[in-house]
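The values are calculated or read from the model by the stated rules, or taken from the named source; none is laboratory data. Please read these numbers as outputs of a predicted model, since none were measured by experiment. As a convention, Cβ positions derive from the backbone with ideal geometry for all residues, glycine included, and neighbour counts pool all protein chains shown.
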Amino acid sequence: MIKNNCVYCGLCADTCKFDAIKVYDDYYYTKDGKLYFARLYVDGERKGEFSLSDKRCQVCTICVKNCPTSALSCEDDKILFDEENCIYCRECEQICPVEAINIDFEKEIKEEIEE
């Protein structure tokens with residue numbers, strides 16, 4: 001079990017030829033004013049919508065330093081996002097002290113809820 005180093009990107013599940021790897025991401029969501037806990041099974045490479053609030057971001061670069069795939073970089077006092085390198089693990093979103101980063105999986109989550 002790769003518990004401490006896993007960033008829940010889903011690449012291992014997508015690569016495994018024997019369908020032996022199961023990856024899941026636990027999350028909370030609200031519906032009709034109630035808070036629910038859910039588990040989303042990741043069966044392949046994750047995709048989301050990355051957004052960075054320039055108003056909130058203080059360019060502390062903690063996200064750049066902690067990105068496992070170097071999808072974030074800092075140039076001219078601005079954080080840059082490289083979509084090709086991003087595995088949408090949400091490490092940057094979770095570590096940002098001013099909540100300037102958001103990765104939206106809303107479409108993926110809605111599909112899971114409706115099933």
Could you go through region 15-22 and let me know if any residue there is acidic (Asp, Glu) and exposed (fewer than 14 other Cβ atoms within 10 Å of the Cβ).
yes
Residues within region 88-107 that are touching a Phe, Trp or Tyr at 6+ places or on another chain (Cβ under 6 Å) and modelled with pLDDT of 95 or more, tallied:
0
Would you mind stating whether residue 44 is of a type outside the set (Asp, Glu), touching a Phe, Trp or Tyr at 6+ places or on another chain (Cβ under 7 Å), closer than 26 Å to residue 17 by Cα and in contact (Cβ under 8 Å) with a residue 24 or more places away in the chain?
no
Failed condition for residue 87, given (1) of a type in the set (Val, Ile, Thr); (2) surrounded by fewer than 18 Cβ atoms within 10 Å (Cβ to Cβ); (3) out of contact with any strand residue (DSSP E or B) (no Cβ under 6 Å at 6 or more places or on another chain)
(2)
Condition test on residue 101, is it surrounded by 12 or more Cβ atoms within 10 Å (Cβ to Cβ), out of contact with any helix residue (DSSP H, G or I) (no Cβ under 6 Å at 6 or more places or on another chain) and on the phi < 0 side of the Ramachandran plot?
no
State all residues of region 47-83 that are free of Cβ contacts under 8 Å to residues at least 12 places away in the same chain, within 26 Å of residue 5 (Cβ to Cβ) and surrounded by fewer than 13 Cβ atoms within 10 Å (Cβ to Cβ); if no residue qualifies, say none.
65, 80
The correct count of residues that are over 14 Å from the mean Cα position of the chain (by Cα) and of a type in the set (A, V, I, L, M) in region 28-59 is 3
Based on this model, can you work out whether residue 59 counts as touching a Gly at 6+ places or on another chain (Cβ under 9 Å) and of a type in the set (Val, Ile, Thr)?
no
Qualifying positions in region 26-41 - under 17 Å from residue 94 (Cα atoms) and either without any contact (Cβ under 8 Å) to a residue 24 or more places away in the chain or exposed (fewer than 13 other Cβ atoms within 10 Å of the Cβ) (or both):
26, 28
